[in-house]
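Worksheet: one structure, shown below.
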Amino acid sequence: MNEDIFNLGIKAIIKNSEGKILLLRVNLDQLQVKDKGAYWDIPGGRIHKGSTVEETLKREVEEETGITAIKSHKQTVRTSSPMNSHEILLITTT
C-alpha cells in the first residue's frame, strides 16, 4: 500500500468588516472520531498531492461555507534580513 508518511493541513481565517471571525460548528455525523464532542473550528483541510495552497484554500472554503466568489492576492513580506522573506497568500471574498 502506498501510504503518505504525513499530511499537511491549512486553515483560513475569514473576517468580516466588523472584525468578526467566521467559526464553523463541526458536524459530529461526519467525524470519524467522535469522542471529542462538538466543537468549533475555522475552515480548512488537507492539501492534496499536486494541489497548491491557493487551490486548497479555495476548495475548502467553498466546500465548508458555500462561498464561491473568492479572489487571491500574493504579497511578499520582507523582514530585517533578505533571508527571512515570507510570502503571504491573502484570499478575499466578494
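Tell me, what is the FRET efficiency for residue 20 and residue 55 to the nearest 0.05, using R0 = 22 angstrom and their Cβ-Cβ distance as r?
0.25
Rounded to the nearest 0.05, what FRET efficiency do residue 39 and residue 8 give with R0 = 25 Å and r taken as the Cβ-Cβ distance? Could you check?
0.70
No lab work stands behind these numbers, since they all come straight from the coordinates. These numbers were taken from a predicted model, which means no experiment stands behind them. Neighbour counts are summed over all protein chains in view; Cβ atoms, including those assigned to glycine, are modelled from backbone coordinates with ideal geometry.
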